[in-house]
Structure formats: structure tokens, C-alpha cells
1. Applying the selection to region 52-73, what residues are assigned to a helix (DSSP H, G or I), among the β-branched types (V, I, T) and touching a residue at least 12 places away in the same chain (Cβ under 8 Å)?
2. Any residue that is among the aromatic types (F, W, Y) and either assigned to a helix (DSSP H, G or I) or at pLDDT 85 or above (or both) - is there at least one of those in region 10-21?
3. Of all residues in region 171-191 being in contact with a Leu (Cβ under 7 Å, 6 or more places away or on another chain) and not aromatic (F, W, Y), which is farthest from L47 (Cα to Cα)?
4. Mind checking which pairs have a first residue in region 179-200 that is modelled with pLDDT under 85 and a second that is assigned to a helix (DSSP H, G or I) and among the β-branched types (V, I, T), Cβ under 8 Å, 6 or more apart or different chains?
5. Among the residues of region 50-84, what is the count of those that are of a type in the set (K, R) and farther than 24 Å from A181 by Cβ?
6. Among the residues of region 86-116, which ones are of a type in the set (D, E) and touching a residue at least 12 places away in the same chain (Cβ under 8 Å)?
7. Can you go through L163, L157, L176 and tell me which one is in contact with a helix residue (DSSP H, G or I) (Cβ under 6 Å, 6 or more places away or on another chain) and either without any contact (Cβ under 8 Å) to a residue 24 or more places away in the chain or under 29 Å from V49 (Cα atoms) (or both)?
Amino acid sequence: MSSDERADQPRVTDAVWTIPNALSLVRLLGVPVFLWLILTEHDTAALIVLMASGITDYLDGRIARQYGLVSRVGQILDPLADRLYILSTLLGLGIREIIPWWFVGLLLLRDVAVLSLAPVVRRDKLPIPPVHFVGKAATFNLIYAFPLLLLGDGTGLLSEIALAVGWAFAWWGTALYWLAAFLYFMQIRGMVRAHRLRGRAV
């Protein structure tokens, strides 16, 4: 990585009690509430929780970058909250038969593929790679797809429009989700190579 590229990267701190981390924690606490709401068909309340999650997701990243509050804890909490919301929404919509189970499996398989790289990261004691822009774009598409698909589970013109737009977001999100996994794999491979080269040089 060149000095210019390093300069573009935000400084990562060991801070724990920060506003961005607090927002990520609030998002995490909302996951079981959201899952209960969607399974009990309290759709309006579920949509409100999901939209609040999207807003706090945007705010915690924006505040962290703008005020130099990027932390190692935040680098874990933020993507963890994203994954749990995606997982809980997939399970809820799958159980209610709003989306097919093969689509649920397509997204879950991606996460399994990424998790399979964890032993490599632990073995070489590599740092957690930063979340790629493509990954955030994928999450954005999926987070906005799910409430639209939920709205589409009804009758009338509005539901038909929401369903069509929701699936458009869902497919774009899925494609970007898998692309982000590929880029993550490439990041890990590059870090492993650099780690091994440093080991040989010692």
C-alpha cells in the first residue's frame, strides 16, 4: 500500500465508548425486537425498526469518519449488526413465505463462504479488513429491498409497485453481496501474501 493510500485510510483507535459504537449497539439490540415483530406480523412496527436501523447505520459510519471515531470495536459491531438484520429479515420473510427459501439460501451461502476465511485470518493473526464500499452498497440495497418486499405482501397497485422495486433492489444487492465476498477474498489473499513475505524477510 502506498503512502498516499495509507493517508486516505482513517485512523483506527481502541476507543469503545463512542457515539458510533453506541448507535451500532442500539442497532444490535433492535434485532430480536425486529424479528419478533415480523414473525408476529406487526408489519408497520417492523418497518419502522428496519428503517431506523438503516438511518443509524448511515449515521454511525458518517460520524465515525467525520470526527475520527473509527474504532476496532466499531469495525466489528457495524458489520455484525448488518449481518444480523439481514439474517433475521431473511428468516422472517422466508418463514412467512414472502421470499422463496432458495433466495434465502443464496444469501446465507455467501456469508458461509466469507466465514470460511476466518481460520486463515486467525492463523496468520491478520487484522480485520475494512468494510469495502461494495459491501456497504450491497447492504444498502438489501436493507431497502426487504421493507419493500414486506410492503409488496399485500394487494393493490402500491403493493405491486413495491414488490417490483423491492425485487430489483434484492437482486442488485445479492449481486453486490457476492462481489463484495470476492473482493474480501482478494483482500485476505493479499494480506496473507504480504504477511508471508515479511516472515521470510525476517
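1. Passing the criteria: T56, I63, V73.
2. Scanning region 10-21, I find no residue that is among the aromatic types (F, W, Y) and either assigned to a helix (DSSP H, G or I) or at pLDDT 85 or above (or both), so the answer is no.
3. Once the filter is applied, the top-ranked residue is M191.
4. Cβ pairs passing all conditions: V192/V120.
5. 1
6. D111
7. L176 is the lone residue from the list that is in contact with a helix residue (DSSP H, G or I) (Cβ under 6 Å, 6 or more places away or on another chain) and either without any contact (Cβ under 8 Å) to a residue 24 or more places away in the chain or under 29 Å from V49 (Cα atoms) (or both).
Each row is one residue, and each column tells you yes or no for (1) surrounded by 12 or more Cβ atoms within 10 Å (Cβ to Cβ); (2) in contact with a Leu (Cβ under 9 Å, 6 or more places away or on another chain).
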site: V121; (1), (2): yes, no
site: G152; (1), (2): yes, yes
site: L158; (1), (2): no, yes
site: A162; (1), (2): yes, yes
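The values are calculated or read from the model by the stated rules, or taken from the named source; none is laboratory data. Being a predicted model, the structure only gives us computed values, none of them experimental. Positions of Cβ are backbone-derived with ideal geometry, glycine not excepted, and every protein chain shown enters the neighbour counts.
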